[in-house]
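Participant: Have a look at this one.
The values are calculated or read from the model by the stated rules, or taken from the named source; none is laboratory data. These figures come from a predicted structure and were not determined experimentally. Backbone-built Cβ (ideal geometry, glycine too); neighbour counts: all protein chains shown. Heads up: the accessible areas ignore ligands, DNA and RNA and are worked out on the full protein's heavy atoms, side chains in. Shrake-Rupley method; radii C 1.70, N 1.55, O 1.52, S 1.80 Å.
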Amino acid sequence: MARNKYPEETVKKILDVSHQLFREKGYDHTTIQDITDALGMSKGAVYHHFKSKEDILDRINDRYYENLEWFSDPAKLPGRNGLEKLRHAFRHFLTDPAKREVDRLAIHHIVKNPKIALLTLESTFRDAAPYVEGMIRLGMADGSLPGVTHPHEIAEVLMLLTNVWTGMFPGSREEFAAKLRFCGEFLDRFGLPVLDEALQADALNYYDQVLQDD
């Protein structure tokens with residue numbers, strides 16, 4: 001068999017087709033066979049690049065962040081200081097239609113699917129928390145977050161609260177709103193007043209559009 005000279009193009013095609021199928025059929029109702037049929041490829045060709053359907057979904061999520069110019073360079077984030085930049089990043093992820101679309105693909109299946117749950121936890125600590133820590137340290141340096149004393153730990157706690165406690169286990173709308181208020185008060189006590197009323201309102205709208213069961 002001839003060696004694939006353009007693996008990046010193949011990966012992009014697999015991700016594009018999979019994303020479209022996930023939107024049309026739903027993540028749970030899309031099989032690897034559906035993906036290979038739509039691609040006109042063998043399963044072996046797909047598995048050469050991705051270990052599983054969950055791996056494909058994880059890569060679709062990663063690709064969203066890679067397409068954000070400011071994600072790789074926080075200096076390009078709008079905001080006069082670290083706190084404003086951090087709030088802008090959270091607001092963007094809660095309100096951006098493209099991000100909401102990606103989140104809808106499997107948001108209601110995370111807890112039911114151990115593989116997706118593990119990938120979510122891994123990305124929370126591997127990618128999200130270090131990114132947030134960088135903006136927190138920027139806020140400590142510019143004076144917008146003078147009360148933070150443990151930037152590494154509070155960054156991980158923030159992402160656990162938002163990605164896992166409220167994201168994976170949102171509960172009813174009233175329970176979700178109560179969790180948001182608690183998160184805001186809790187983070188304030190550790191010098192990180194990021195979840196202000198405006199951001200909590202954005203999070204409630206996100207709940208209505210993405211997290212709420214149909």
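Participant: Expressed as a whole percentage, what fraction of the accessible surface of the range 130-199 belongs to carbon and sulfur atoms when a 1.4 Å probe is rolled over the protein heavy atoms?
Facilitator: 60 percent
Participant: State the label only: which of (1) 1.12; (2) 1.74; (3) 0.99 corresponds to Cα Rg over 2.2 N^0.38 Å computed from the shown model?
Facilitator: (1)
Participant: Using the structure shown, select from Lys53/Lys179; Lys13/Lys53; Lys115/Lys179 the pairs with a Cα to Cα distance greater than 24 angstrom.
Facilitator: Violating the 24 Å Cα-Cα cut-off are Lys53/Lys179; Lys115/Lys179.
Participant: Solvent-accessible area per residue for the chain at a 1.4 Å probe radius, Å²? Please report the intermediate quantities before stating the final value.
Facilitator: Values: 11750 Å² over 214 residues.
With all protein chains present, the chain gives 55 Å² per residue.
Participant: If you place +1 on the Cβ of every Lys and Arg and -1 on the Cβ of every Asp and Glu, how big does the dipole about the Cα centre of the range 87-132 come out, in debye to the nearest 20?
Facilitator: That gives the range 87-132 a dipole magnitude of about 100 debye.
Participant: Follow-up. Show me, for the range 72-82, the HN-Hα J-couplings you get by feeding each phi into the Karplus relation (A = 6.51, B = -1.76, C = 1.60, θ = phi - 60°), rounded to Hz, glycine and proline as x.
Facilitator: Taking θ as phi minus 60°, the curve returns 8, 9, x, 4, 7, 5, x, x, 7, 8, x Hz for the range 72-82.
Participant: Please work out the FRET efficiency for the pair Asp55 and Leu204, using the Cβ-Cβ distance as r and a Förster radius of 25 Å; give the result to the nearest 0.05.
Facilitator: E between Asp55 and Leu204, to the nearest 0.05, is 0.20.
Participant: Follow-up question, since we're still on this one. Per residue of the chain, what 222 nm ellipticity follows from adding -39500 (n - 2.57) for every DSSP H run with n ≥ 4, rounded to the nearest 500?
Facilitator: -19000 deg cm²/dmol
Participant: For Glu69, tell me the accessible area in Å² from a 1.4 Å probe, rounded to the nearest 10.
Facilitator: Looks like 120 Å² after rounding.
Participant: Shape of the range 77-144 from its Cα gyration tensor (a ≥ b ≥ c, root eigenvalues): rounded if a/c is under 1.5, otherwise prolate when a/b > b/c, or oblate? Could you put the intermediate results ahead of the total?
Facilitator: On the way: a/c = 4.43, a/b = 1.80, b/c = 2.47.
Oblate, because a/c is 1.5 or more while a/b does not exceed b/c.
Participant: Give me the angle, in degrees from 0 to 90, between the Cα long axis of helix 114-123 and the longest principal axis of the Cα atoms of the chain, rounded to the nearest 10.
Facilitator: The answer is roughly 50 degrees.
Participant: Using 0.36 nm per residue of separation minus the Cα-Cα distance, give me the extension gain between Arg173 and Trp70 in nm, one decimal. Present the calculation step by step, with values, prior to reporting the outcome.
Facilitator: Working: separation 103, 0.36 × 103 = 37.08 nm, distance 3.15 nm.
Stretched out fully, the Arg173 to Trp70 stretch lengthens by 33.9 nm.
Participant: Let me ask something else about it. How far, in degrees from 0 to 90, does helix 197-206 lean away from the longest principal axis of the Cα atoms of the chain, to the nearest 10?
Facilitator: Tilt relative to the chain: about 20 degrees.
Participant: Taking the range 76-160, which trypsin sites (Lys or Arg not before Pro) meet the DSSP loop condition and have no more than 12 other C-beta atoms within 10 Å?
Facilitator: Passing sites in the range 76-160 are Arg80, Lys112.
Participant: Another question, then. Restricting to Cα atoms and excluding each atom paired with itself, what does the Kirkwood estimate give for the range 91-209 in Å? Working shown, then result.
Facilitator: Working: mean 1/r = 0.0669 Å⁻¹.
After inverting the mean inverse Cα-Cα distance, the result is 15.0 Å.
Participant: Which listed residue (Ile56, Pro130, Thr120) has the Cα farthest towards the positive end of the charge dipole for the chain, taking +1 on Lys and Arg C-beta and -1 on Asp and Glu C-beta about the Cα centre?
Facilitator: Most positive-ward Cα: Ile56.
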